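Worksheet: the structure to be examined is printed underneath.
The values are calculated or read from the model by the stated rules, or taken from the named source; none is laboratory data. Remember, predicted model here, so these are calculated numbers, not experimental data. When we count neighbours, we look across all protein chains shown, and the Cβ atoms used for this are built from the backbone with ideal geometry, even at glycine.
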Amino acid sequence: MAAYRLSPGAVIEALGSNEHRGLSEDEARARLERDGPNQLRTRKPIPGWRKLLAQFTDPLVILLLLAAAVSLALWLFERESDLPYEAIAILAIVILNAAMGFIQQARAEQSVAALRQMSAARARVIRGGEQRSIPARDVVVGDILMMEEGDTIPADGRLIQSVALQTSEASLTGESLPETKEPETIIGEAAIGDRQNMVFSGTTVTYGRGKAVVTATGMQSQMGQIAGMLEAALPETTPLQQDLARLGRLLGLVVLAIAAVMIVTIILVEHVSGFSAVFDVLILGVALAVAAVPEGLPAVVTAVLALGVQRMARRNAIVRHLAAVETLGSANVIASDKTGTLTRNEMTVRAVVTASGRVILGGTGYAPEGQVTAWRDGAEATGDLSDDLRLELERALTVGDRATNAVLQQEDGQWTIQGDPTEGALIVAARKVGLTDETLDSRYRRVGEVPFSSERKLMSTLHTDSQQREHIQVFTKGAPDVLLGRCNRERVGDTTRPLTPERRKELLATNEQLAGEALRTLGVAARMLPADDFEPEDVGDHVEQDLIFVGLIGMIDPPRQEAREAVTQALAAGIRPVMITGDHPVTAAVIGAELGICRDGRAVTGAEIDRMPDDLLYRTAREVSVYARVNPEHKLRIVKALQRDGAIVAMTGDGVNDAPALRTADIGVAMGITGTDVSRKASDIILADDNFASIVAAVEEGRAIFANIRKFLRYLLSSNMGEVLTMFFGVLLADIIGLGMTSDGLALPLLATQILWINMVSDGAPALALGLDPGDEEAMKRPPRPRKEGVITRQMWAGIVMVGAITAAGTLFVLDASLPAGLIEGTGDLAYGQTMAFTTLVLFSMFTVFTSRSDESSAFKGLFSNPWLWGSIALALALQMAVVYLPFLQQAFSTVSLAPGDWLFCATVASSVLWLRELSKLLMPKRKEPRINRGSSGI
């Protein structure tokens with residue numbers, strides 16, 4: 001049975017320990033040898049050489065390596081040039097891509113390393129009847145652990161004693177406030193956040209002191225179990241990576257098929273025989289492979305994603321993995337933690353209820369700014385507060401401010417609280433109504449304190465009063481139901497009245513109403529003692545009698561001001577927000593409804609998820625958008641259920657408890673300010689400003705980047721399709737277009753080096769410039785692309801084939817017109833004809849770059865919106881002119897000089913792809929975009 005369901009004595013007996021003497025040194029040493037040190041297991045790091053080799057496993061990269069190997073082998077056999085230019089160029093592209101990927105790769109063991117850093121350095125335990133300080137790694141199961149304020153707890157333990165003990169478990173459970181710990185046994189199952197008699201490794205003591213018996217260490221602790229899940233939750237490949245892998249395999253098959261068909265066809269049709277002729281055919285096969293494979297594609301994809309990283313960084317989204325840029329743009333579910341992500345993780349007083357009414361305090365967080373308004377008939381009222389209501393409000397917040405030990409301070413423009421966040425919220429509320437620290441300090445000087453205890457659920461402070469020197473003021477705050485039992489009067493304006501049973505019931509009903517609004521409530525009360533009879537050493541809980549009830553204060557960790565707008569934008573973009581939190585169900589449901597995440601107020605708890613089989617959870621995940629009191633295991637199951645439904649899930653979080661889900665989700669988004677090292681290192685993207693709205697901005701950038709990836713894929717594949725078809729039909733129709741056989745063997749429309757130049761140089765710069773195209777203003781008004789929709793759609797393939805066919809037809813037409821034989825009589829030799837065809841293909845690419853910006857919109861829309869595109873075209877043209885006119889490049893690429901009329905002829909023919917593609921867009925039926933129900937919380 002779980003330790004929290006057993007009494008402390010039963011746990012101690014089961015573990016063979018003793019509450020007063022602890023374990024003996026010999027027994028502790030034996031257990032340490034048996035169970036191992038109290039630290040998280042580390043996975044053996046992957047050697048750097050293996051990580052580097054992993055960069056060469058992509059199908060497209062393997063295809064390029066094979067092409068380079070064949071090209072190198074043929075060069076070694078033929079030796080027609082000084083260096084194997086083709087092989088060197090291909091290898092340079094592959095190595096550049098591998099280097100960029102290697103630098104960007106995140107090491108998986110960093111997540112576990114960060115978890116280890118959260119462990120306590122030392123621990124205080126009882127060994128052999130003596131209290132000792134030992135290294136935390138030496139703590140064993142059965143040790144009696146001593147804890148006090150400020151300690152980091154080194155292991156999981158069952159509480160034995162508690163003196164006002166409170167621990168901060170936000171990083172483990174997501175709960176905003178410190179948890180009060182009590183040793184009473186819990187009956188029945190309880191989530192981690194509800195195990196009030198347990199303390200957990202890696203959490204901290206914020207108040208009080210306690211004693212516990214260690215029940216789990218190392219990998220068996222809750223922190224260790226999370227580390228284990230991190231090891232098991234291997235990151236999946238992103239949709240873009242999967243699509244490009246499929247594309248690489250497809251291109252590989254196409255290359256092999258084209259090469260095989262061409263070689264067999266030529267051997268049979270041309271009756272090729274003899275080693276020399278067969279060798280020429282093999283050269284043609286290499287040329288076709290070079291034509292079919294877009295050598296620059298891996299490098300361009302990597303470069304465009306890297307540029308996208310810089311753009312997203314300017315919008316406060318720091319990308320750790322390049323492929324995450326595109327994936328975030330494809331996300332259709334954002335599964336968000338509540339505390340610190342949708343909310344500020346800063347308690348804020350929202351309501352104060354006194355005898356004369358209810359007051360609403362505006363503003364969020366610790367900044368002492370916000371409007372103060374009265375609440376009348378269920379709505380906020382404008383205008384000033386009544387005199388009595390203002391007096392009661394100031395009195396209530398004076399009590400709240402003085403009965404605290406927290407400090408409000410401002411550093412670098414940021415307001416922060418040192419101490420308990422609940423007490424900090426009371427101080428901030430006092431400042432909002434004009435009660436300054438200087439004014440209160442000058443009037444009230446503390447002379448005594450009755451500390452908070454879990455038994456009393458109250459805290460009181462005693463003060464002298466400079467305006468009433470004959471009295472000592474007692475200010476008390478605590479649980480409203482307990483506090484009301486200590487009160488016999490109620491403050492009304494500047495007077496008091498008896499607290500009748502009917503009024504008590506009314507106040508308790510109001511307290512329940514505030515709790516139903518997810519507000520954490522505190523009661524505040526006061527009384528005066530005669531100053532003459534006051535002795536500081538006699539201060540005790542007896543002063544907490546005959547109190548005057550002042551008011552109820554309701555506070556909450558409020559949603560970020562920009563979070564509601566961000567949720568609305570997400571819904572408008574077809575993205576479903578889902579809240580997954582360790583907080584209380586009522587709080588989660590209210591925050592979810594306030595943000596617009598859910599409408600029905602339903603929140604499914606972790607206990608309910610435990611009882612759900614996978615099929616039921618799968619159906620639940622399609623309907624429910626708020627989950628509360630969940631453990632890390634629950635978050636994993638929810639994310640997997642959403643993914644099973646075909647969703648691309650972006651999971652946000654900031655705590656240790658979020659790390660496994662961050663790793664499992666398609667895209668993990670961690671908080672940069674409040675996030676733990678664990679969550680940041682388990683994520684793909686980090687939000688520098690912890691702002692949920694930045695996620696929506698990052699989604700917008702991601703969609704723009706993916707659209708640009710499609711643009712340059714459309715461009716590169718269209719150009720390569722034109723090259724393949726040019727080579728294919730150029731050889732098949734060689735006799736018809738005047739190419740035929742030469743004394744040196746089979747004549748090709750283009751040389752392999754010329755094709756490689758087009759792929760790498762002429763196509764490279766424009767493709768990269770397409771990655772800098774500005775985003776579409778309508779992108780966030782359309783739903784995300786379906787998970788099963790590839791990076792290249794059927795419509796895109798149709799456009800690619802069409803452009804390729806036009807390019808091939810136009811290039812072969814120019815080649816035919818340049819040669820003396822064929823359908824059109826020309827006057828040039830083979831070198832001239834190949835140079836004309838070479839130049840025409842380059843110019844076709846320049847016009848294709850504009851048609852590739854969209855399959856539907858006109859190329860003239862936003863024609864001058866991307867200056868980089870025009871610059872890349874100018875660069876490509878300058879490089880082509882260099883190849884045509886510079887002698888040493890003429891020799892390397894077998895080109896000859898062209899006259900201005902030749903350029904005009906080539907450009908005129910090449911422009912045909914622009915006009916014909918524009919005509920096809922006009923004739924194409926317009927696709928109807930699915931409309932999004934912006935008021936829905938579903939997809």
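Residue count for the stretch 450-502 satisfying the condition of being more than 21 Å from Gly208 (Cβ to Cβ) and either among the polar types (S, T, N, Q) or in a strand (DSSP E or B) (or both): 21. As for the stretch 535-547, it holds no residue that is modelled with pLDDT under 90, loosely packed, with under 15 Cβ neighbours inside 10 Å and within 42 Å of the chain's Cα centre (by Cα). Within the stretch 621-634, does at least one residue satisfy the condition of being free of Cβ contacts under 8 Å to residues at least 12 places away in the same chain, charged (D, E, K, R) and either out of contact with any Asp or Glu (no Cβ under 8 Å at 6 or more places or on another chain) or closer than 30 Å to Glu517 by Cβ (or both)? Taking every residue of the stretch 621-634 in turn, none turns out to be free of Cβ contacts under 8 Å to residues at least 12 places away in the same chain, charged (D, E, K, R) and either out of contact with any Asp or Glu (no Cβ under 8 Å at 6 or more places or on another chain) or closer than 30 Å to Glu517 by Cβ (or both).
Pairing each residue of the stretch 502-514 that is in contact (Cβ under 8 Å) with a residue 24 or more places away in the chain and buried (at least 16 other Cβ atoms within 10 Å of the Cβ) with any residue that is assigned to a helix (DSSP H, G or I) and not polar (S, T, N, Q), provided the two are 6+ apart or on different chains, yields C-beta distances under 6 Å for Asn511/Pro480.
A single member of Ala515, Ala525 is aliphatic (A, V, I, L, M), within 20 Å of His584 (Cβ to Cβ) and in the same structural domain as Gly448 (by TED's automatic domain parsing), and it is Ala515. Exactly one residue among Leu746, Leu725, Leu642 is modelled with pLDDT under 85 and at negative phi, and that residue is Leu746.
Yes/no per residue for (1) farther than 18 Å from Leu748 by Cβ; (2) under 46 Å from the mean Cα position of the chain (by Cα):
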| residue | (1), (2) |
| --- | --- |
| Leu772 | yes, yes |
| Glu777 | yes, yes |
| Pro783 | yes, yes |
| Pro786 | yes, yes |
| Leu815 | no, no |
| Ser818 | no, no |
| Ile824 | yes, no |
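Screening the candidates Glu411, Glu392, Glu455 for the property of being acidic (Asp, Glu) and at pLDDT 90 or above yields one hit, Glu392.
Evaluate the stretch 461-482: report whether one residue or more is more than 19 Å from Ile548 (Cβ to Cβ) and assigned by TED's automatic domain parsing to the domain that holds Val543. Yes - at least one qualifying residue is present in the stretch 461-482. From the list Ser683, Ser679, exactly one residue is without any contact (Cβ under 8 Å) to a residue 60 or more places away in the chain, farther than 30 Å from Ala798 by Cβ, under 14 Å from the mean Cα position of the chain (by Cα) and not assigned by TED's automatic domain parsing to the domain that holds Pro783. Which is it? Criteria check complete, one pass: Ser679.
Inclusion of Val884 among residues that are of a type in the set (A, V, I, L, M, F, W, C) and not in a helix (DSSP H, G or I) is not warranted.
Looking only at residues that are at pLDDT 85 or above and basic (Lys, Arg) in the stretch 342-367, which one is nearest to Asp401 (Cα to Cα)? Among those that are at pLDDT 85 or above and basic (Lys, Arg), it is Arg350.
Close contacts from the stretch 820-832, counting a first residue that is in the same structural domain as Gln890 (by TED's automatic domain parsing) and a second that is among the polar types (S, T, N, Q), with Cβ to Cβ under 7 Å and a gap of 6+ residues or different chains, come to Pro820/Thr827; Gly826/Ser818; Gly828/Ser818; Leu830/Thr742; Ala831/Ser894; Tyr832/Ser818. For the residues Thr204, Thr180, the requirement of being of a type in the set (Val, Ile, Thr), farther than 17 Å from Tyr4 by Cα and outside the structural domain of Leu519 (by TED's automatic domain parsing) singles out Thr204.
Among the residues of the stretch 600-618, the ones that are buried (at least 20 other Cβ atoms within 10 Å of the Cβ) and not in a helix (DSSP H, G or I) come to 2 in all.
In this entry, Ala379 is excluded by the filter for residues that are of a type in the set (A, V, I, L, M, F, W, C) and either in contact with a helix residue (DSSP H, G or I) (Cβ under 8 Å, 6 or more places away or on another chain) or at pLDDT 90 or above (or both).
Here's the yes/no breakdown for (1) of a type in the set (Lys, Arg); (2) touching a Phe, Trp or Tyr at 6+ places or on another chain (Cβ under 8 Å):
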| residue | (1), (2) |
| --- | --- |
| Gly582 | no, no |
| Asp610 | no, no |
| Tyr618 | no, no |
| Glu633 | no, no |
| Val639 | no, no |
| Arg644 | yes, yes |
| Arg663 | yes, no |
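Counting only residues that are crowded, with 16+ Cβ neighbours inside 10 Å and among the acidic types (Asp, Glu), the stretch 830-876 holds 1 of them.
Sub-9 Å Cβ pairs linking a first residue in the stretch 448-467 that is without any contact (Cβ under 8 Å) to a residue 40 or more places away in the chain to a second residue that is part of a loop (DSSP other than H, G, I, E, B) and among the aliphatic types (A, V, I, L, M), at least 6 apart or interchain, are Lys457/Ala479, ordered by first then second residue. Out of Ser894, Ser858, one residue alone is under 39 Å from the mean Cα position of the chain (by Cα), hydroxyl-bearing (Ser, Thr, Tyr) and in the same structural domain as Pro774 (by TED's automatic domain parsing). It is Ser858. Counting only strands (runs of 3 or more DSSP E) that sit completely within the stretch 619-672, those holding 3 or more residues that are over 14 Å from the mean Cα position of the chain (by Cα) and crowded, with 24+ Cβ neighbours inside 10 Å correspond to 626-628.
The condition (being crowded, with 18+ Cβ neighbours inside 10 Å and on the phi > 0 side of the Ramachandran plot) is satisfied by just one residue among Gly363, Gly413: Gly363. In the stretch 775-788, the residues that are aromatic (Phe, Trp, Tyr) form no Cβ pair under 9 Å with any partner that is assigned to a loop (DSSP other than H, G, I, E, B) and at pLDDT 75 or above, whether six or more places apart or across chains. Say we look at the stretch 21-64 and pick out the residues that are surrounded by fewer than 14 Cβ atoms within 10 Å (Cβ to Cβ) and within 30 Å of Val255 (Cβ to Cβ); which of these is modelled with the lowest pLDDT? If we take residues in the stretch 21-64 being surrounded by fewer than 14 Cβ atoms within 10 Å (Cβ to Cβ) and within 30 Å of Val255 (Cβ to Cβ), then Thr57 is modelled with the lowest pLDDT. Selection over the stretch 315-347 of residues that are out of contact with any strand residue (DSSP E or B) (no Cβ under 6 Å at 6 or more places or on another chain) and in a strand (DSSP E or B) gives a count of 0.
Could you grab me the full set of residues in the stretch 567-595 that are in contact with a helix residue (DSSP H, G or I) (Cβ under 6 Å, 6 or more places away or on another chain) and surrounded by fewer than 24 Cβ atoms within 10 Å (Cβ to Cβ)? Gln569, Ala573 - these are the residues of the stretch 567-595 that are in contact with a helix residue (DSSP H, G or I) (Cβ under 6 Å, 6 or more places away or on another chain) and surrounded by fewer than 24 Cβ atoms within 10 Å (Cβ to Cβ).
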